[in-house]
Amino acid sequence: MWLYNNKVITEDDIKGYVGFVYLIENLDNSMYYIGKKSLKKTKVYQKNKKKKRTLVESDWKDYTGSNDLLNEHIESGNKIRKTIIRMCRNKTEMSYYEAKEQFSRDVLLDKNSYNQWIMVRARKSNLMIDK
């Protein structure tokens, strides 16, 4: 279950977005993880000996992040809270706001962060600036 603006997110809430930046908090040990998740993924299949691509829903509803230690803690029974920080309209926006959150929280210096690296590539022309 994902929370957004203090309420459980629904299918209607995600219309018009490609993904989101999120915060997963381990409520048992006060550690946290900042990441991004796409709502759709590309599925490749073969039809008439040609590869075809189609967009299908990703595993975003059940997703728990890509950090192995975080997932080990979840599997061992630790309680978590999954919060969407920002809904994004394109992948560049997701990358930018994920890195912005990570840097603003000093995730690489914070002993309570599960994050182990920050990787970002973003082009200004792809950002949908809504200021």
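Would a scan of the stretch 107-119 turn up a residue that is surrounded by fewer than 17 Cβ atoms within 10 Å (Cβ to Cβ), hydroxyl-bearing (S, T, Y) and closer than 30 Å to N29 by Cβ?
no
Would you point out the residue of the stretch 11-32, among those that are within 30 Å of L55 (Cβ to Cβ) and of a type in the set (G, A, S), that is least open to solvent (accessible area, probe 1.4 Å)?
G19
For the stretch 32-74, give me the residue count where each residue is touching a strand residue (DSSP E or B) at 6+ places or on another chain (Cβ under 7 Å) and either part of a loop (DSSP other than H, G, I, E, B) or in contact (Cβ under 8 Å) with a residue 60 or more places away in the chain (or both).
Here the count works out to 13.
What do you reckon, is K79 in contact with a Leu (Cβ under 6 Å, 6 or more places away or on another chain), under 19 Å from Y32 (Cβ atoms) and at pLDDT 95 or above?
The answer is yes for K79.
Residues in the stretch 14-23: is at least one under 27 Å from L127 (Cβ atoms) and free of Cβ contacts under 8 Å to residues at least 60 places away in the same chain?
yes
Could you tell me whether K61 is open to solvent by 40 Å² or more (accessible area, probe 1.4 Å), at pLDDT 95 or above, basic (K, R) and closer than 22 Å to W2 by Cβ?
No: the conditions fail for K61.
The values are calculated or read from the model by the stated rules, or taken from the named source; none is laboratory data. Worth saying up front: this structure is predicted, and the values here are computed from it rather than measured. Positions of Cβ are generated from backbone atoms using ideal geometry, with glycine treated the same way; all protein chains shown enter the neighbour counts. These accessible areas exclude ligands, DNA and RNA; they are computed on the full protein's heavy atoms, side chains included. Shrake-Rupley method; radii C 1.70, N 1.55, O 1.52, S 1.80 Å.
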